[in-house]
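Quick note: the coordinates plus some simple rules give every number you see, no bench work behind them. Worth saying up front: this structure is predicted, and the values here are computed from it rather than measured. Neighbour counts are summed over all protein chains in view; Cβ atoms, including those assigned to glycine, are modelled from backbone coordinates with ideal geometry.
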Amino acid sequence: MRKLILLLLGIGPASLAQQGGGIEQLFLIPPPGWTIAYHDTKGNIDLTMMVPPGQTRATWTEMLSVEMIQGKPTMDVQTVLNLRLDAIHEGCDLVGAGPAQISVENGYDVGIRAIACPKAKRDGKGELSLFKVILGRNRTYIVSRAWSGDAFEKDKVPVPAKTTEDWLAFMSKILVCDTAERSHPCPSK
């Protein structure tokens, strides 16, 4: 099932990544046991949401979302992250956000940013998300890892420090590669 999830996303382990003839692709391995709760393609946007065992799209407390926007990127990483912040702000009064960490990974522009909504307008729950944006040659990739639970105070992180460490480690392994470009190598393992 895990391999199937990777194939449905158009992503896969190195053995799959190395087979194509020069295809830019997202290299991401979901956490063990996580399954697809939602997938849809509308226009040039492909969105997949995954949840841990026993959770659904309606009942999730943790979620991994992968959004791929087809077409040459038209915005820089900072702008994409700011648009995510604006979208969350529409549904939340007291949004908190860390600074964007902008860098280059595997030859692509990348940005990571944490955004918190202590109490959402729609259901009163709190939500914390870590976003990673990668500007590929032919797509913009937006990956988010989110937690949802009871409302919390704006200045207090609602998850243990270990969760934050795990999320950052997970995000550090996500990359875009291209089998035809030496400057964007795909992982071998």
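Things to note:
- For segment 130-157, the set of residues classified as within 24 Å of Leu94 (Cα to Cα), in contact (Cβ under 8 Å) with a residue 40 or more places away in the chain and in a loop (DSSP other than H, G, I, E, B) consists of Lys154, Asp155, Val157, listed by residue number.
- Among the candidates Pro73, Pro30, residue that is under 24 Å from Pro158 (Cβ atoms) and either surrounded by 11 or more Cβ atoms within 10 Å (Cβ to Cβ) or in contact with a Gly (Cβ under 7 Å, 6 or more places away or on another chain) (or both): Pro30
Residue-by-condition table, conditions (1) β-branched (Val, Ile, Thr); (2) surrounded by 15 or more Cβ atoms within 10 Å (Cβ to Cβ):
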residue: Cys92; (1), (2): no, yes
residue: Ile102; (1), (2): yes, yes
residue: Glu127; (1), (2): no, yes
residue: Lys132; (1), (2): no, yes
residue: Lys154; (1), (2): no, no
residue: Pro158; (1), (2): no, yes
residue: Phe170; (1), (2): no, yes
residue: Ser183; (1), (2): no, no
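- Every condition in (1) over 15 Å from the mean Cα position of the chain (by Cα); (2) loosely packed, with under 14 Cβ neighbours inside 10 Å holds for Leu83 except the one numbered (1).
- 2 or more residues touching a residue at least 40 places away in the same chain (Cβ under 8 Å): qualifying strands (runs of 3 or more DSSP E) within segment 26-107: 45-51, 62-70
- Within segment 163-185, tally of residues that are under 22 Å from Gly126 (Cα atoms) and either more than 19 Å from the chain's Cα centre (by Cα) or among the β-branched types (Val, Ile, Thr) (or both): 2
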